[in-house]
Every structure is written in structure tokens, then in C-alpha cells.
1. Let me know the Rg and Dmax you get for the chain when you use only its Cα atoms, in Å.
2. For the range 245-308, with equal point scatterers placed on the C-alpha atoms only and solvent neglected, what are the log10 I(q)/I(0) values from the Debye formula at q = 0.15, 0.23, 0.27, 0.28 1/Å, to two decimals?
3. Within 15 Å, Cβ to Cβ, of Met242, how many net charges do the neighbouring residues add up to if Lys/Arg are +1 and Asp/Glu are -1?
4. Among the lysines, which fall within straight-line cross-link reach of Lys138, defined as a Cα-Cα distance under 27 Å, with same-chain neighbours fewer than 8 residues apart omitted?
5. Which angle from 0 to 90°, rounded to the nearest 10, does the C-alpha axis of helix 318-330 make with the longest principal axis of the chain?
6. What is the percent of Cα-Cα separations in the range 152-330 that go past 24 Å?
7. Residue-wise, which Karplus ³J(HN,Hα) couplings in Hz belong to the range 103-108, taking 6.51 cos²θ - 1.76 cosθ + 1.60, θ = phi - 60°, and x for glycine or proline?
8. State the antiparallel share, in %, of DSSP beta bridges confined to the chain, rounding to the nearest 5.
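The values are calculated or read from the model by the stated rules, or taken from the named source; none is laboratory data. As the structure is a computational prediction, the values presented were derived from the model and not from experiment. Positions of Cβ are generated from backbone atoms using ideal geometry, with glycine treated the same way; all protein chains shown enter the neighbour counts. SASA here: full protein model, heavy atoms, side chains in, ligands and nucleic acids out. Shrake-Rupley method; radii C 1.70, N 1.55, O 1.52, S 1.80 Å.
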Amino acid sequence: MLSIIWMVYRIQTLVSVVKGSDKKLASGSNRINAILFVVFLVGTGILMFWYSIKEFDNYQLPIASEHGVVTDRLFWITMAITGIVFILTHILLFIFPYKYQYKETRKASFYPDNNKLEIIWTIVPAIVLALLVVSGWKAWSDITAPAPENAHVVEIMGSQFNWDIRYPGKDQVLGDYDYRLITATNAQGIDFTDKNAIDDFSSPVVVIPKGEPVLFKIRARDVLHSVFAPHMRLKMDAVPGMPTRFWFVPTKTTAEMREELNDPEFEYEIACTEICGRGHFSMRRVIEVVEPEAYQKWYSEQQSFIQQNPALADDLPAEAKALAEIQLREK
Ligand SMILES: [Cu+2]
């Protein structure tokens, strides 16, 4: 097959040599190529707009946190500016090859430089980009500023392939941890010799109150993971050996969002957004946003790790063991 194509090509070349048409600067495909540029522009343009409009609701999830309004506004300002520039430059990029396709009768003019034009197209984008970067930087430093004192703390630890959730318990202080203490029952390596750890508890669902600051303390057990709660506009890497954090204020309860979306099955979720291995896709945790009173009630009803796994108290030093035993009696 290839040799036939090669033969045909050779014959064509020989024929053009005989006819003298090989002296021409452009072949017959010059015009076709020029037209294909326009076809590509229109075709991909239509595809892009069609897809963006069709999938718009999936890109633009309803916002359920205070700072989400700020990040979305920044996103759309950036999108508008870069979008307009993108569309204009691409129209020029593809229309010019068509308009200025090779013609025997036309001669290109020599136009080596224009300082004024170059200054304009350097300074204008520099100013616009500086404004975008500065406003983005300002928003980011506000969002990542230290959490308020009264923030509700939730620890989220990523591992292959799960999120382990820990709450500080009644004392509102998370106990220490150490990776060397990790066992099958103590997956998070909690150090129960620290008295702050005795009342820590775990939950299969991340329950948080509406309208109050929540601080996620994030870490990873093995590889890089990343906490992503799209409705909260929250994304933060979970890095082994380097704790990270993100605080925010949820603005709509799960029930309110269900009503708004007219979807009784709706759940807020945390997904892992760092390709962390084979089970990456399964790293999902539901976030349940409830009214503050319901949160307090739920919080006070939870059983601590020690209450759920009394064996954890066995090897503890006397002081911690005494505290653990008080808890076990309360059970
Ligand atoms: Cu992961």
C-alpha cells in the first residue's frame, strides 16, 4: 500500500517537472489549506460554545460557603478578560492565513518593527495581569488567614484510599498523633498518652454547623491526597509530614441545598483531587451541614475512640488510663 502511494507521488512529481509547474511557489492545496483554517475556527468554536453551555451547570455548582462568593467573582472576572482576548486572538490567528494566503499577484510588504505598537501590547497586558494577580493574591491571603478562635475543628487525614475524620471531643482540643502509633484499630496514629486525645472521636460523615467558622486540619498518612469540597469552593492538599489547613463558613445546610436543587438525594461531598493510586476514585466522604443546635446535639452524642475501642486504654500510662476509665464508665 505504502509503495503504491509512493509511486503515485513520484509520478505526480515527474509530471509536474515535465509540465514546468514545479517552478510554482504554491501548490494546488494552498487554497484548500487556507479554507481549512476557517473551517477549523468555526468548527471548534461551535463545539466549544456548545459544550460550555451544555455542561454549564456542572461547572457552576451552587456556592455554599462565604468565601466561595469571592473566589467565584474572581474566577468570572478572569474568565471574562481572558475569554475575550482568547476569542479575538483566535479569530485573527485563523482568519489571517485565509485572508493572506499566497497569491501570485500579491507581494508581501516589509514591516520590520513598530515600537509604539510593541510598547502598547506589552504594557496593557502587564497592567491587566498585575491587577488580576494582585486581587487574586489578596483574596487568597484573606481566605487562608488564621481561623477565628471559635472555629469548629475537624481533622481530616487522607490515606490510600480513605478519609479518616477526627473531632476533638468535649475539650475542643485534638490530641497528639504520631505515625509510629498507627495500627489497624488506631488508623490515625492518635497518641492516647496525651490527655487531650482521650475524648477525641471519629465520624463516618463530616458534620459541620451552618453559619459558623469551621477549620479543617488536613494531613496525609502515605502519599499526596487533596481535600476537595466543590460546593464549599474548598481545595487543599493533604501532604505527608506537612499538616495543612483550610477554614470556611458554610452558608447553606444540606436540607436547604436539597430544597434549592429540588434533589432529595443531594449530599455535599469531599473528593480526593490528587491522583493518589488505584483506589483514588473511591475517596469520597459526605459532608452534612446542619443548623448549629443540631450540630451541638450531634456532637454531644458521639462516642470517643476509647469508648468504641476499650482495648486502646489497656497499655496506657496510669494517668491517661484513669481518664480513659472515667470515659468508659460514662458510656
Ligand atoms: Cu487520594
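1. For the chain, the Cα radius of gyration and maximum Cα-Cα distance read 30.9, 104 Å.
2. Log10 of I(q)/I(0), two decimals: -0.72, -1.07, -1.11, -1.13.
3. Around Met242, the surrounding residues sum to 0.
4. Lys210, Lys217, Lys235, Lys252
5. Tilt of helix 318-330: around 90 degrees.
6. 39 percent
7. Running phi through 6.51 cos²θ - 1.76 cosθ + 1.60 with θ = phi - 60° gives 9, 4, 7, 10, 10, 5 Hz.
8. Expressed as a percentage, antiparallel bridges in the chain total about 70.
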